[in-house]
Amino acid sequence: RIEQPVYKEITSTAKDLDLCENMWKLADEWNKSWERWKTGIFRTLNADEMDLAAQTFLKRISKLGREIKHWPIWVAMRAKIDQFKKMMPLITDLKNPAMRQRHWEQLMDEIGRKFDPHGDDFTLERIFHIGLDNFSEAIGALSQSASQELSIEQKLAEVKSQWEVLDLDLAPYKDKEHHKLRSADDLFATLEDNQ
């Protein structure tokens, strides 16, 4: 019935071991996710899912960091996740559905290398091997331009479809061989809207 004394060192060591175990589990989860992303076919990757996962990892590592900010593993993991977060706009720009073959060819001319952006070998790992991460500003501008072009294409298709179904109200003209527009109000309204 002897009361066991509480040793602060043992309690502190147990707490550090728990933190260490949690940190290494987090590092292992991140490495598995990164391995899956970097070797996965680029066109099948879900950028929103990846960004959400990175946010979750960042929250978890920040929570652990309250007590272990000085540990090298924490610093290294934080740097990896921060680097990945900085890379997300590049991934989003490359996955832009507005990017057409002409945009990809323009990008290949810009970087001076050829690749197949729709091939099964086009992965995140390949993107870094090619060096596309060094052209993130140019890719961002190209993606924005592609989005604007797509918007124009969609608007032109909408205009075309309106004009294809526009009914013209024709009436016979004096000699009955020729016709004239009875009312041009709808025609002028549509023309004004589509200018």
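Brief remarks follow.
- Once the Cα atoms are used to define both axes, helix 8-39 deviates from the longest principal axis of the chain by about 30 degrees.
- What the chain shows is 71 Å² of accessible area per residue, with the surface traced by a 1.4 Å probe over protein heavy atoms.
- The fraction of accessible area contributed by carbon and sulfur in segment 1-86 is 54 percent, rounded to a whole number (1.4 Å probe; ligands and nucleic acids excluded).
- Reciprocal mean inverse distance between Cα atoms of segment 92-195 - Kirkwood radius, Å: 17.6 Å
- Pairs from the list LYS38/LYS69; LYS59/LYS85; LYS38/LYS86 with a Cα-Cα gap above 20 Å: LYS38/LYS69.
- Packing-based order for 161-168, 36-43, 4-11, using average beta carbon neighbours within 10 Å, highest first: 36-43, 161-168, 4-11
- Sorting 68-80, 183-195 by their mean Cβ neighbour count within 10 Å, with the most densely packed peptide first, gives 68-80, 183-195.
- Within segment 141-195, the trypsin sites (Lys or Arg not before Pro) that combine a DSSP coil assignment with at most 13 other C-beta atoms in a 10 angstrom radius are LYS174, LYS176, ARG182.
- Segment 105-154: trypsin sites (Lys or Arg not before Pro) falling in loop per DSSP and having at most 14 other Cβ within 10 Å: ARG113, LYS114
- Three-way shape call for segment 1-51 based on the alpha-carbon gyration tensor, with the a/c threshold at 1.5: prolate
- Top positive-direction residue, dipole computed over segment 50-117 with Cβ charges, set LEU90, ALA53, ILE73: ILE73
- Averaging 1/r over every pair of different alpha carbons in the chain and inverting the result gives a Kirkwood radius of 22.3 Å.
The values are calculated or read from the model by the stated rules, or taken from the named source; none is laboratory data. Treat the numbers as computed from the prediction; the structure is a model and nothing was measured. Counting neighbours? That spans all protein chains shown, and the Cβs are built from the backbone with ideal geometry, glycine included. Accessible surface is based on the protein model in full, side chains and every heavy atom, while ligands, DNA and RNA are left aside. Shrake-Rupley method; radii C 1.70, N 1.55, O 1.52, S 1.80 Å.
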